[in-house]
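Read-outs: derived from the displayed coordinates by stated rules, not from any lab. Because the structure is predicted, anything quoted here is derived from the model rather than measured. Cβ placement follows ideal geometry from the backbone for every residue including glycine, while neighbour counts extend to all protein chains displayed.
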Amino acid sequence: MTKRVAIIASNGGMFDAYKVFNIATASAATDAEVAVFFTFEGLNLIHKQGHQQLPMPAGKEHFAEGFKEANVPSIPELVSMAQEMGVKFIACQMTMDVMNLKKEDFVDGVEVGGAVTFLDFAYDADISLTF
């Protein structure tokens, strides 16, 4: 029986991105079905320009060298990996309307939907996480 992992990404910082995409790709690697619902600042994680230039949190600049030394993939690489592994990306329609964003503003392959779209997946999830 396939496991399901439902993730809500509502924060848009670099560390948030690593949490979301690390759990999503690790879950997909174990053959779980994974869906990520991106809402509010979380939309930045799949924004065509935004996800390519996420700032390191203030006072945490020393992590940049650690990421490099540990060969941690960049956020754009993790986004691509997640998509290649079949992770479903759902952009929140309501938040997009509020922020005046269009589907074209996001990486290819993003599904636009409301909370009900995510809930249809999450109702049967074995694990639900929020970042």
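Under the convention that each Lys and Arg Cβ holds +1 and each Asp and Glu Cβ holds -1, the size of the dipole of the chain around its Cα centre is about 120 debye.
Pairs exceeding a 27 Å alpha-carbon distance, out of Lys68/Lys103; Lys19/Lys103; Lys19/Lys68; Lys3/Lys60; Lys48/Lys68: Lys68/Lys103; Lys3/Lys60.
Adding -39500 (n - 2.57) for every DSSP H run of four residues or longer, then dividing by how many residues the chain holds, sets the calculated 222 nm ellipticity at -10500 deg cm²/dmol. For Val34, the residues whose amide H sits under 5 Å from its own are Val5, Lys88, ignoring neighbours fewer than 5 places away on the same chain, with H placed 1.01 Å from N.
Efficiency by 1/(1 + (r/R0)^6): what FRET value for Asp120 and Glu65, r their Cβ-Cβ distance, R0 = 41 Å, to the nearest 0.05? Calculated value: 0.45. The residue among Ser80, Phe40, Ile127 whose Cα reaches farthest toward the positive pole of the charge dipole of the chain, with charges on the beta-carbon of Lys, Arg, Asp and Glu, is Phe40.
Built from the Cα atoms of the range 15-107, the convex hull projects on average onto 6.3 nm², one quarter of its surface area.
Place +1 on the Cβ of every Lys and Arg and -1 on the Cβ of every Asp and Glu in the chain, take the dipole about the Cα centre, and give the residue among Phe67, Val110, Ala29 whose Cα lies farthest towards its positive end. Looking along the dipole axis, the top candidate is Phe67.
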